Amino acid sequence: MSSAPEAAHTRLSDLFASAVHRYGTVWADLLVASLAFVALASLPVGVLHAAGAGSTTIGLASDLAYGIAYFGFLGFVMLRGLPARTGGRRVVATYAVAVVVGGLAGLLLIVLSTMIVALLPLLLLCVPAAAAGDASAVTAIPLGILLVLRNFTRTYAVWLVTMVFSAPVGVSMFLVVNAFAGGGAAVLLALLLSVPVVWPFSALFVRALYGDLTGRNVVAPQDRTTI
């Protein structure tokens, strides 16, 4: 796996526009998929809550479960975006990497709290590498991190744009739910309500970035767009 020549890179604004446009064309499918991943992640959290676990335990479980859910969703978007169908082995490898990377992201969040913002971009291209078939389940993480480091500025720029795009969505949702829920419940509910917008956009943006850096065709016909 190698990055595409610098001259072949698409402008960041065009990658952003591509992600927004594709979200507009396939939003219904991605909305359902994102909610499905959130629902799966919520199962262990709900079980702990029903069992009477404390807020700290539930918080730690949420960090791990929703971290895995996001990277699992990223894997879904990548696999869905490939022009040709993939074999079962690659699908399994993709979701296996998603579990490991998502769990690692959750652990980093637990340990570093908001400081994870500086490190999380290092993990963004690991799942795409496995989904695209450029790496195995064993090599996807080191190769994904290496690809980020070799394209440090560009990857972090995409991450920054994603944060700038996502923040107003989260704030808006918080203002809505804060009217009938307070404290940590309002924050969690606002984050969950933001998922159908933030996760699909983020995954599509990362997918576009991966294709741009590697020169791989990662856009499927069902995206129904030539951007």
**Item:** Whole-percent pair-distance distribution, where bins are 10 Å wide, for the alpha carbons of the chain
**Value:** 8, 33, 38, 17, 4, 0
**Asked** Full extension from V91 to A157: what is 0.36 nm times the residue separation minus their Cα-Cα distance, to one decimal in nm?
**Response** 20.9 nm
**Asked** How far is helix 55-81 tilted off the main Cα axis of the chain, in degrees rounded to 10, range 0 to 90?
**Response** 30 degrees
**Request:** Give the range of the longest stretch in the chain that excludes all trypsin sites (Lys or Arg not before Pro) found in loop regions by DSSP and having at most 11 other beta-carbon atoms within 10 Å.
**Result:** 86-223
**Request:** May I ask which residue of F152, A39, V171 lies farthest towards the positive end of the charge dipole of segment 6-223, with charges of +1 (Lys, Arg) and -1 (Asp, Glu) on Cβ and the Cα centre as origin?
**Result:** F152
**Asked** Using modelled amide H (1.01 Å from N, peptide plane; none on Pro or chain starts), what sits under 5 Å from the amide H of V218, excluding residues fewer than 5 places away?
**Response** none
**Prompt:** So how tilted is helix 183-214 from the main axis of the chain? Cα-based, degrees 0 to 90, rounded to 10.
**Reply:** 10 degrees
**Prompt:** By how many degrees, between 0 and 90 and to the nearest 10, does the Cα long axis of helix 88-112 differ from the longest principal axis of the chain?
**Reply:** 50 degrees
**Mean ellipticity per residue at 222 nm, deg cm²/dmol - from DSSP H runs of n ≥ 4 across the chain, formula -39500 (n - 2.57)** = -26000 deg cm²/dmol
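All of the numbers you see were taken from the coordinates with simple rules; none came from a lab. All values reported here derive from a predicted model rather than from experimental measurement. Because the Cβ atoms are built from the backbone with ideal geometry, glycine has one as well, and the counts that use them run over all protein chains shown.
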